[in-house]
Amino acid sequence: MTKKSLDQNMYYREELLNSIEPNFIFSKKPLNRFKIQKTENKNKNLDKIGEINDLKKIINSIKNCNLKDNSKNLVLGDGDLNSPIMIIGEAPGFKEEKIGKTFQGDTGSLLEKMLNAINISKEKVYFCYAVNFRPPEDRKPTTQEIKRYSVFLKEHISIIHPKIIILLGSTAMESLTPTNKKISHERGKWNEIILKNKTYPIMITFSPSYLIRFPENKKFSWIDLKKIRQKILDLKIEI
């Protein structure tokens with residue numbers, strides 16, 4: 001009697017399944033989760049590329065900007081779009097403006113050494129600037145210019161959605177934090193910013209260009225780098 005009841009239940013389930021999806025096919029092949037992950041990453045990349053291109057168009061369309069009017073090239077960002085670490089510098093220099101990429105020449109070489117010191121490959125990080133155009137004669141951007149471009153920077157961060165943000169230099173610091181203090185007082189401390197209801201840990205430290213001019217401060221950057229490495233371990237970030 002019990003066996004007959006079970007057979008009927010199986011029959012009803014099969015009929016129900018066939019009525020819902022006539023072409024439903026069972027397969028004994030194992031699910032290829034790696035393929036699914038690759039597809040998801042590819043779609044995520046395409047979405048971010050589209051958003052980055054839209055942001056680039058918006059920045060290129062701004063009017064009455066001394067930085068833009070005196071610059072030959074917009075430098076938005078480059079690197080791993082899905083990186084958990086986003087590094088924000090101050091502004092492009094001559095070499096960056098020329099080829100449209102971040103952290104070139106001596107500053108790029110030093111930054112790469114700094115990252116390698118805490119076991120991070122440059123290829124696995126995303127880079128951008130607080131200001132997207134090279135200031136005339138490489139001067140420091142004004143407070144008004146920093147504030148204007150911070151709107152675009154915040155949107156940039158939301159697109160990349162990193163787990164850690166590293167701010168290199170006082171211009172990057174001013175773009176995302178309300179402090180009026182010197183970078184020497186603010187570096188080496190973990191803070192947070194909230195963008196679109198999402199919280200991002202930020203670390204302020206010296207820029208590579210500053211360290212090239214004042215190499216005696218590399219010892220402080222090393223302290224900051226070790227804190228960044230520890231945060232990566234604490235958050236169990238794979239990079």
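Scan the range 90-120 residue by residue and report those that are in contact with a strand residue (DSSP E or B) (Cβ under 7 Å, 6 or more places away or on another chain) and hydroxyl-bearing (Ser, Thr, Tyr).
If the condition is that a residue be in contact with a strand residue (DSSP E or B) (Cβ under 7 Å, 6 or more places away or on another chain) and hydroxyl-bearing (Ser, Thr, Tyr), then Thr102 is the only one that fits.
Tell me yes or no: at least one residue of the range 166-187 is exposed (fewer than 14 other Cβ atoms within 10 Å of the Cβ) and hydrophobic (A, V, I, L, M, F, W, C).
There is no residue in the range 166-187 that is exposed (fewer than 14 other Cβ atoms within 10 Å of the Cβ) and hydrophobic (A, V, I, L, M, F, W, C).
Would you mind stating whether Glu112 is part of a helix (DSSP H, G or I), more than 22 Å from Ile212 (Cβ to Cβ), of a type outside the set (S, T, N, Q) and modelled with pLDDT of 95 or more? Steps first, answer last, please.
On the way: part of a helix (DSSP H, G or I): yes; more than 22 Å from Ile212 (Cβ to Cβ): no; of a type outside the set (S, T, N, Q): yes; modelled with pLDDT of 95 or more: yes.
Against the criterion (part of a helix (DSSP H, G or I), more than 22 Å from Ile212 (Cβ to Cβ), of a type outside the set (S, T, N, Q) and modelled with pLDDT of 95 or more), Glu112 does not qualify.
If I go through the range 204-239 residue by residue, how many of them are outside any helix (DSSP H, G or I), within 12 Å of Ile164 (Cα to Cα) and at pLDDT 95 or above?
The qualifying residues number 4.
Please specify each residue of the range 94-115 satisfying the condition of being in contact with a helix residue (DSSP H, G or I) (Cβ under 8 Å, 6 or more places away or on another chain) and not charged (D, E, K, R).
The answer is Phe94, Thr102, Phe103, Gln104, Gly105, Thr107, Gly108, Leu110, Leu111, Met114, Leu115.
Please specify each residue of the range 184-239 satisfying the condition of being of a type in the set (Val, Ile, Thr), in contact with a helix residue (DSSP H, G or I) (Cβ under 8 Å, 6 or more places away or on another chain) and farther than 16 Å from Ile87 by Cα.
Ile212
Take Ser221 and tell me if it is of a type in the set (Ser, Thr, Tyr), closer than 21 Å to Leu153 by Cα, touching a strand residue (DSSP E or B) at 6+ places or on another chain (Cβ under 8 Å) and surrounded by 12 or more Cβ atoms within 10 Å (Cβ to Cβ). Even if it seems obvious, please write down each step before you answer.
Numbers: of a type in the set (Ser, Thr, Tyr): yes; closer than 21 Å to Leu153 by Cα: no; touching a strand residue (DSSP E or B) at 6+ places or on another chain (Cβ under 8 Å): yes; surrounded by 12 or more Cβ atoms within 10 Å (Cβ to Cβ): yes.
No.
Looking at the range 224-238, which of the residues that are surrounded by fewer than 16 Cβ atoms within 10 Å (Cβ to Cβ) and hydrophobic (A, V, I, L, M, F, W, C) is nearest to the chain's Cα centre (by Cα)?
Ile237
Out of curiosity, is Ile146 among the aliphatic types (A, V, I, L, M) and not in a helix (DSSP H, G or I)?
Working: among the aliphatic types (A, V, I, L, M): yes; not in a helix (DSSP H, G or I): no.
So Ile146 does not fit the description; no.
Here are the criteria: (1) modelled with pLDDT of 95 or more; (2) β-branched (Val, Ile, Thr); (3) in a loop (DSSP other than H, G, I, E, B). Tell me which single one Thr179 does not satisfy.
Among (1) modelled with pLDDT of 95 or more; (2) β-branched (Val, Ile, Thr); (3) in a loop (DSSP other than H, G, I, E, B), the lone unmet condition for Thr179 is (1).
How many residues does the range 198-217 contain that are surrounded by fewer than 16 Cβ atoms within 10 Å (Cβ to Cβ) and more than 16 Å from the chain's Cα centre (by Cα)? Can you show your working first?
Keep residues of the range 198-217 that are surrounded by fewer than 16 Cβ atoms within 10 Å (Cβ to Cβ), which gives 198-199, 212-217.
Still in the list and also more than 16 Å from the chain's Cα centre (by Cα): 212-217.
Adding up the residues that qualify gives 6.
Do we have Ile193 as of a type in the set (A, V, I, L, M), surrounded by fewer than 20 Cβ atoms within 10 Å (Cβ to Cβ) and modelled with pLDDT of 95 or more here? I'd like the intermediate steps shown before the answer.
Values: of a type in the set (A, V, I, L, M): yes; surrounded by fewer than 20 Cβ atoms within 10 Å (Cβ to Cβ): yes; modelled with pLDDT of 95 or more: yes.
Yes; evaluated as a whole, the condition is true for this residue.
The values are calculated or read from the model by the stated rules, or taken from the named source; none is laboratory data. Note that the structure is predicted; figures quoted are calculated from it, not measured. Counting neighbours? That spans all protein chains shown, and the Cβs are built from the backbone with ideal geometry, glycine included.
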